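**Q** Here it is, the structure in full.
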Amino acid sequence: MLKRRVGITTKTTAIIVAAIILVVAGGTSAYYLTLPTKPPPGGTVKVGFSISLTGNFNVEGAASLNGMKTATQWLNSNGGIIVNGKSYNMTLDYTDDASQTSNIVPLYTKLVQQDNAQFLLAPYSSGLTAAAAPIAEQFGTIMLSHGGSADSIWRQGYKNVFEVLSPASTYLRVAIDWLKANHPSDKLAVIYAGDSFSTTAALAAINYSKAQGFQVVYQSSYPTTVNDVTPQLTAAKSAGADDLLGGGHFNDGLLLAKQLAQVGWTPKFISLLVAVTEPTFQQQLGTAANLVTGPSQWEHTVAYTSDQAKSLGLDWFGPTVAQFTQLYQQVSGGKTPTYHSGEAAGTIFVLAKAIQSANSFDTTSVKRVLSSLNFMSFFGQFQVDQTGKQTAHSMVLVQWQNGVLKVVYPTTVAETQPQYPYGA
Amino acid sequence: MPTLRTEAVSKEFGGVQALKGVTISLPAGSTLGLIGPNGSGKTTLLNIIAGLEKPTSGAVMLGETRIDHLPANAIVKLGVAKTHQIPRPFAEMTTRENVSVAVMYGRRRIKDTKRSLNEADRLLSLLGMDARRDLPASSLTVQEKKRLELARALATGADVILLDEVFAGLSSDELRDSIQLFRKIRGEVGFSALIVEHVMGAVLTLAERVVVLEEGAKIAEGTPDEVVHNEAVIRAYLGFEENDSPG
Amino acid sequence: MVALAVILSDLLFGIMLGCVFAVVAHGLNLIWGVVKVVNIAHGEFIMLGAYGAYFLNVFGGFNPLLSAVVDGALGIFVGYAFYFSFLHRELRGKERITLRSEMVTLVSTFGLSLFMSNLAVVAFTGDFVGINWSPGTVALGFLELPLGALYVTILAVLIISTSVVFLDRTYIGNAIKAYSQDITATQLVGANPTKVASLATALGFSITMAGGALLTVWIPTGINPYMGALYAPISFVIVVLGGPGKMLGSLLGGLTLGVVIDVLQAFVPVSLAYAVAFLLLIPVLLFRPEGIVK
Amino acid sequence: MRIAGLGVTFFGLLALMLLLLILPFAFPFSTSVIVINLLFYTALAYSINFITGMTGYVSFGHVVFLGIGAYALGASADVYGLDPVLGVLLGAALGLVFALMIGLVTLRFRGVYFAISTVVIALAALNIVLELPQLGGSQGIILNLGFQPYSWYYTIWGIVLFEMLITYYINRGKLGLGIRAIKSDEDAARSVGVNVSALKLYLFGLSGLFAGAGGAVFAWTTSGVFPYETFSLNFSLQMLAMIIIGGVGTALGPILGAVVVYLPSYYFLTVAIGTQLIIIGFAVVVIALFIPEGIVGTLKRRSASLRELLE
């Protein structure tokens, strides 16, 4: 109806014009979007990755990026990577990924195809790492993970993906080990945030503690959107729990510690994921933070040294902890490195060490080296199993003691003894 | 063309008895007037017949079919259509599109767009609205919108049409024209009509029989002449005038 | 087997949580009930109130109860600004709110919510922050109840009952009530509809932002740019449960939600307790569309 | 008027889709994968357009269907090793089934009440999935279906093409007229015989179907399903923003909206600025308050000749 006669020629012309415009616009934008950047100048090795600078993981992402920048800067100003007697500088090629999995495929494809990145680092978090892994696999590019610790990534049979940090499932082991040695009859409550990482860590802790003969009298998770755990704490208290394990990310640890006071429960021992290592944890909690413990991948106070490496018969690579911490403060504008910074920086050194040991940039050679590499850096020991999963890096247990964060376990790297009970 | 009947229809709104066992009958091809003061339950009864509300008790029959449990659109498909007291055109659509919705979705189920638009045009010219057909319905005057309501009701192919105050608010000249138009349409498109008004003028002229409601109950029924001389009716309307002074 | 003590304590905590929810939802209730539009960005104004309390604490040493007063005063200005930039165009000269105006407000405040929460990330960073204020606990038999939350509970009841008295007993309150029933009736009682509607909006925002400040007592660490994403839906459910415009409905809806969430947790995982609480809305809308209050 | 024949825009869109057909062969993968994402968002925009664009029922919780589709593919590929293309079909089917079930209840609510009921359903869905160990609970499902740009591309291309054709089909005929009547005045539509409830359910079902299919593609391309990310209300908000900016209810609006929302967002990532959602939010406010018909709707209203072209 109302087909106001548009002359057939007008119509055809319009279609042709529209089609031409579309082709030109599409072609131009495709040309610009796919324009390969200059090939890397001789003497550098290009490492590509995306990092969460906005969205959910922006805090962790920013800390990780600073760690990588620090590591790269140290590497480049201390002789670079030596291959065939020639020194190569490392350059970082990165973009934001807004913490969204949907951005990962285009960004990593671009890193490989357009930017010609020779090596890849995984994005932060397990979900984003899982999305990036098939691209590393497809293009045969090595990808090192610094912030994706879900064990199931390493069950997928990827040949090019290696893990530098400890898997999530091992986080709370160090606390349970200490309890086993000192207070084996304590009853445990495990309360944890319902996100992927925290759940993996907490469920593994529950299994491990049961295997160690502990009684877990209460366990419960809660959605991360919820900011109230009083019902769980009350239930754990009335179930007769002595010790509290669990938490999640920074906010969760803080929440648990704060609401303990609200429900009037004083556990004897508290070990919380992630949050405890942040200086703001102590600032916000004050005395309530005293004697709270937590696992850490790494701390700037941890005592990994070249002597220790030597005593284990391992190579040492990279800066000392003090050197790293100092340079990090310069790079980040005065911040103290968190373990996110540590693991990201550690990843850079693993890559550099592997290339140097392989004496080649060839993926196959570097991959072969990575599979058998066993060395120590300021971040600790590195060794992976045949699936690419980290096995040698051990967690440490830290505790706030009178306003200072101390590494308390295992004894080899501990600064001091843990204090027990909490609230004493 | 079946007879439309309500059988002892009652309706309660949160404790208020809006209709108390009202029984009316609209034989095929006839015109029934339904009058009563404001709040007497006329519109409620109309809404119940049209399926917009469900009766608390009682039944609505179309021939041998009970229709009071059916949704409004199903009742339209059985041939009963209603105009709205306050016109509700589809404001973003043209007048002709408004009518063709009714053509396509009404009883006749004409699927072809061209045929439905032709039918819409035919009805609009019957109502003297040719010049308005490509205007958006929102731009019509109130009287034109009322005609559009009627056009849509006719377009559904209904043989029972429920007219809710279509003659209200007209000047005496306009009223005369409207009554003429109505008769003309009746001549071309046969249908039975239930005319609801609270002013009596048009109803008394057009209806063969009149039912009077007061406070939800039927107080009188008969020819227009009988009704205007009924004592109860006079009392109801006098009381109404004292309280409410109609315009 | 769940211990009775746990259930009892969950019940008490649920009541306190319910009062916190109620005060957070009350501002939305007022605007929804009177002006008949829904502010999808409600959660972002709660967030604004919470950050207000946070900064007042950091820079002025205020505790959240004091900050609630300051936030409430600020909320008046924010509310007027909101009314004249978002609602006035739609409401001016209207006799009743059309579905179209309702939808325009829905969509524009949806945009506002995106805008505000993401601007907040830039302004405040995405870090979770909290206010370090803890007045201690009070022993109640075998239970210990947090004093801070008790104060908030009392304040919540006070704010809501004050608004009931205000609407019932004052001239301007009556004008607001008249507006909520029939816009033209406002003129009959001699009040300017725009003045009445903008005042109601301003009061609603004042309560919302004060509620945001009070909320920080309950969630000691949860101030962050995206916090509205939880408290806005909770507020919507509460207002629908209680019935928009029924002032005591906020309290009743809030208590229902708080008690359901906390007591259910004694039996099912927390996530499911929240799921049940959210889905409560559906049967209420189906069978009691006017809310659970008569 | 809209009962008109197929216009220039229809053939333009068709030409565009045909051109896109050869794109993966003409450009490197790095281009295809951007277009895959763009088409993914386009598919979401068309999907929500069926219900929100056409009837005015604002489905704030639309992400629930995306989540259902994503989990359909994730679980079926993870547990039964189902081919991902079948997973997409399964996602579409489950999206449809859930949309019909949810719609049967929620489509009774009007205006704001509908919008809010969809939000609470989406939130409840997330909270329920967190407690379903069969779906990986809070840990989600990690998949390894490989890097399959061609399969991804043509699957999502096919979904978008379907959506465009169905949108045109609906807008052109009797259905479109009835739906416009519903959007304009639901009760009046009922009183001229439009089977309002059935039509709304039909549209909601369609939109659930395509959102489910889109969600399945999302799980496929990102090699995993994670509850918080999959059920993130941000997806609902992005879909809504796209059709509001592009123009609700039209056939051209959703793709236009997807292009102007997605491409800048992607571009902003590579220059590392976190402002895209602020700008989108601002644009939605301005459009809702001043040009509620969006880009396409406004152009149509402003100019009769454009109106003809944009049909």
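The values are calculated or read from the model by the stated rules, or taken from the named source; none is laboratory data. Everything quoted here is computed from the prediction, not taken from an experiment. FYI the Cβ positions are ideal-geometry reconstructions off the backbone, even for glycines, and counts take in every protein chain you see. The accessibility values were calculated without ligands, DNA or RNA, using every heavy atom of the protein model including side chains. Shrake-Rupley method; radii C 1.70, N 1.55, O 1.52, S 1.80 Å.
**Q** Report the label-to-label distance for D:Leu23 and A:Ser394 in nanometres (one decimal), using points 7 Å from each Cα along the Cα→Cβ vector.
**A** So the label points at D:Leu23 and A:Ser394 sit 5.3 nm apart.
**Q** Taking 10 °C and 1.306 mPa s as the conditions, I'd like the Stokes-Einstein D for segment D:62-213 in µm²/s, using the Kirkwood hydrodynamic radius from alpha carbon pairs.
**A** D, rounded to a whole number, is 93 µm²/s.
**Q** Quick one: dipole size for segment D:8-233, taken about the Cα centre, charges +1 on Lys/Arg Cβ and -1 on Asp/Glu Cβ, in debye to the nearest 20.
**A** In total the dipole reaches around 660 debye.
**Q** Choose one of B:Ala102, B:Leu170, B:Asn47: the residue whose Cα lies farthest towards the positive end of the charge dipole of chain B (beta-carbon charges +1 Lys, Arg; -1 Asp, Glu; about the Cα centre).
**A** Farthest towards the positive end: B:Ala102.
**Q** Please identify the GluC sites (Glu not before Pro) of segment C:20-109 that satisfy two criteria: DSSP loop assignment and at most 10 other Cβ atoms within 10 Å. Which are they?
**A** C:Glu95
**Q** For Cα pairs less than 8 Å apart in space and 6+ apart in sequence, what is the mean separation divided by the residue count of chain D, i.e. the relative contact order in percent?
**A** With pairs under 8 Å counted, the relative contact order is 33 percent.
**Q** Hey, what's the per residue convex hull volume over the C-alpha atoms of chain A, in cubic angstrom?
**A** Roughly 193 Å³ of hull volume per residue.
**Q** Right, something else. For segment B:36-147, what Kirkwood radius comes out of the mean inverse Cα-Cα distance, in Å?
**A** 15.6
**Q** I would also like to ask the following. Could you work out the equivalent-ellipsoid semi-axes for the protein assembly as shown, taking the square root of 5 times each eigenvalue of the Cα gyration tensor, largest first, in whole Å?
**A** Each semi-axis is the square root of five times an eigenvalue, giving 63, 38, 24 Å.
**Q** Sequence neighbours fewer than 8 away in the same chain don't count; with that in mind, list the lysines whose C-alpha is under 22 Å from A:Lys237.
**A** Result set, ordered by chain and number: A:Lys180, A:Lys187, A:Lys210, A:Lys258, A:Lys268.
**Q** Cross-link list B:Lys42/C:Lys177; B:Lys77/B:Lys111; B:Lys54/B:Lys82: which exceed 20 angstrom alpha carbon to alpha carbon?
**A** Result: B:Lys42/C:Lys177 exceed 20 Å.
**Q** Give me the base-10 log of I(q)/I(0) for chain B at each q in 0.14, 0.16 Å⁻¹, Debye formula, one uniform scatterer per Cα, rounded to two decimals.
**A** One equal scatterer on each Cα of chain B leads to -0.93, -1.19.
**Q** Pairs A:Lys46/A:Lys110; C:Lys36/C:Lys94; D:Lys183/D:Lys300; A:Lys69/A:Lys406; B:Lys11/D:Lys174: which are spaced more than 24 Å apart, C-alpha to C-alpha?
**A** Result: A:Lys69/A:Lys406; B:Lys11/D:Lys174 exceed 24 Å.
**Q** Can I ask one more? Sorting check: for A:108-120, A:401-413, D:126-138, which peptide has the highest mean count of neighbouring beta carbons within 10 Å, and how do the rest follow?
**A** Highest-to-lowest ranking by the protection proxy: A:108-120, D:126-138, A:401-413.
**Q** Calculate how many DSSP beta bridges within the protein assembly as shown are antiparallel, expressed in % of all such bridges and rounded to the nearest 5.
**A** Close to 45 percent.
**Q** Read phi for every residue in segment D:56-61 and hand back ³J(HN,Hα) as whole Hz from Karplus 6.51 cos²θ - 1.76 cosθ + 1.60, θ = phi - 60°, with x for Gly and Pro.
**A** So the Karplus estimates, Gly and Pro as x, are x, 7, 7, 9, 5, x Hz.
**Q** As a test question: what accessible area, to the nearest 10 Å², does A:His340 have when a 1.4 Å probe is rolled over all protein chains in place?
**A** Its accessible surface works out to 10 Å², give or take rounding.
**Q** Send over the per residue convex hull volume for segment C:47-89, Cα only, as a whole number of Å³.
**A** Here the figure is 59 Å³ per residue.
**Q** Give me the dipole magnitude in Debye, nearest 20, for segment B:81-157 about the Cα centre, with unit charges on the beta carbon: positive for Lys and Arg, negative for Asp and Glu.
**A** Approximately 340 debye in magnitude.
**Q** What accessible area per residue comes out for the protein assembly as shown, rounded to a whole number of Å², with a 1.4 Å probe?
**A** 36
**Q** Something else now. If you build the convex hull over the alpha carbons only and average its shadow over all orientations, what do you get for segment B:166-228? Give it in nm² to one decimal.
**A** The number I arrive at for segment B:166-228 is 4.7 nm².
**Q** Projected onto the charge dipole of segment D:55-208 (+1 at Lys/Arg Cβ, -1 at Asp/Glu Cβ, origin at the Cα centre), which of D:Ile141, D:Tyr80, D:Thr167 gives the Cα projection farthest towards the positive end?
**A** D:Thr167
**Q** Right, next: Quick check: the distance between the Cα centres of segment C:82-126 and segment D:3-49, to the nearest angstrom?
**A** So the two Cα centres are separated by 33 Å.
**Q** In addition: Efficiency by 1/(1 + (r/R0)^6): what FRET value for A:Asn374 and A:Thr280, r their Cβ-Cβ distance, R0 = 41 Å, to the nearest 0.05?
**A** Taking R0 as 41 Å, the efficiency between A:Asn374 and A:Thr280 is 0.70.
**Q** Another question, if that's okay. Give the Rg (one decimal place) followed by the Dmax (whole number) of chain D, computed from C-alpha coordinates and expressed in Å.
**A** According to the Cα coordinates of chain D, Rg and Dmax are 18.8, 57 Å.
**Q** Dipole magnitude of segment C:12-227 about its Cα centre, charges +1 at Lys/Arg Cβ and -1 at Asp/Glu Cβ only, in debye to the nearest 20?
**A** Value, rounded to 20: 600 debye.
**Q** From the Cα trace of segment C:135-279, what convex hull volume per residue do you get, rounded to a whole Å³?
**A** Each residue corresponds to 134 Å³ of Cα convex hull volume.
**Q** Work from the charge dipole of the protein assembly as shown (Cβ charges, +1 for Lys and Arg, -1 for Asp and Glu, about the Cα centre) and give the residue of C:Ser163, C:Ala68, B:Ala220 farthest towards its positive end.
**A** B:Ala220
**Q** Hey, another quick one. Please list log₁₀ I(q)/I(0) at q = 0.18 Å⁻¹ for segment C:1-123, using the Debye equation with identical point scatterers on the alpha-carbon positions.
**A** For the requested q values the scattering log ratios are -1.03.
**Q** If each of B:Leu135 and A:Ile82 carries a label point 7 Å out from its Cα toward its Cβ, how far apart are those two points in nm?
**A** 9.2
**Q** Run through segment D:79-174 and list the chymotrypsin sites (Phe, Trp or Tyr not before Pro) located in a DSSP loop whose Cβ has at most 16 other Cβ atoms within 10 Å.
**A** D:Tyr80
**Q** Right, something else. Hey, what angle do you get for helix A:104-113 against the long axis of chain A, alpha-carbon based, 0 to 90 degrees rounded to 10?
**A** Roughly 60 degrees, rounded to the nearest 10.
**Q** Next question, about the same structure. Mind telling me which of C:Ala68, C:Ala120, C:Ala175 comes out most flexible in a GNM of chain C, alpha-carbon contacts under 10 Å?
**A** C:Ala120
**Q** Taking the Cβ-Cβ separation of C:Ala73 and C:Tyr171 as r and a Förster radius of 22 Å, what is the calculated FRET efficiency to the nearest 0.05?
**A** Working from the Cβ atoms, E equals 0.50.
**Q** Let me ask another. If you build a Gaussian network model of chain A, linking Cα atoms that sit under 10 Å apart, which residue out of A:Ile51, A:Ile82, A:Ile153 swings the most?
**A** Answer for the Gaussian network model of chain A: A:Ile82.
**Q** Also: For every helix of n ≥ 4 consecutive DSSP H residues, a contribution of -39,500 (n - 2.57) applies; sum these over chain D, divide by its total residues, and give [θ] at 222 nm rounded to the nearest 500 deg cm²/dmol.
**A** Theoretical 222 nm ellipticity from helices: -24500 deg cm²/dmol.
**Q** Determine the shielding of peptide C:142-150 by partner chains: average, over its residues, the number of Cβ atoms on other chains within 10 angstrom of each Cβ.
**A** 3
**Q** Calculate the tail of P(r) for segment B:81-157: the fraction of all Cα-Cα distances greater than 22 Å, expressed in %.
**A** 10
**Q** Could you bin all the Cα-Cα distances of chain C into 10 Å bins starting at 0 and give me the percent of pairs in each, rounded to whole numbers?
**A** It works out to 7, 28, 36, 22, 7, 1, 0, in whole percents.
**Q** Which loop-located trypsin sites (Lys or Arg not before Pro) does segment A:286-353 contain, where loop means any DSSP state but H, G, I, E or B and the Cβ has at most 15 other Cβ atoms within 10 Å?
**A** Those satisfying the criteria are A:Lys335.
**Q** Could I ask something else about it? Most mobile of C:Tyr83, C:Tyr226, C:Tyr151 per a Gaussian network model of chain C (Cα springs, under 10 Å)?
**A** C:Tyr151
**Q** Here is a further query. Viscosity 1.306 mPa s, temperature 10 °C: Stokes-Einstein D of segment A:154-306 from its Kirkwood Cα radius, in µm² per second?
**A** Estimated via Stokes-Einstein, D reaches 100 µm²/s.
**Q** Could you tell me the calculated FRET efficiency between C:Leu4 and B:Arg66, based on Cβ-Cβ distance and R0 = 60 angstrom, to the nearest 0.05?
**A** Result of the calculation: an efficiency of 0.60.
**Q** Give me the angle, in degrees from 0 to 90, between the Cα long axis of helix B:142-155 and the longest principal axis of the Cα atoms of chain B, rounded to the nearest 10.
**A** 80
**Q** Could you tell me the extents of segment D:220-275's C-alpha atoms along the three principal axes, largest first, rounded to whole Å?
**A** 33, 27, 19
**Q** Suppose each label sits 7 Å from its Cα in the direction of the beta carbon; what would the A:Asn402-C:Ile15 distance come out to in nanometres?
**A** Spacing of the two 7 Å Cα→Cβ label points: 4.5 nm.
**Q** Another one. Explain nothing, just the number: relative contact order of chain C, from Cα pairs under 8 Å at least 6 residues apart, as a whole percent.
**A** Dividing the mean separation by the residue count of chain C yields 40 percent.
**Q** State the percent of C-alpha pairs, over all pairs in segment A:246-361, separated by a distance greater than 26 angstrom.
**A** So the portion of pairs separated by more than 26 Å is 37 percent.
**Q** Something else about it: Quick one: compute the contact order of chain A, relative version, from alpha carbon pairs under 8 angstrom and 6+ residues apart, as a percent.
**A** Over chain A, the number comes to 16 percent.
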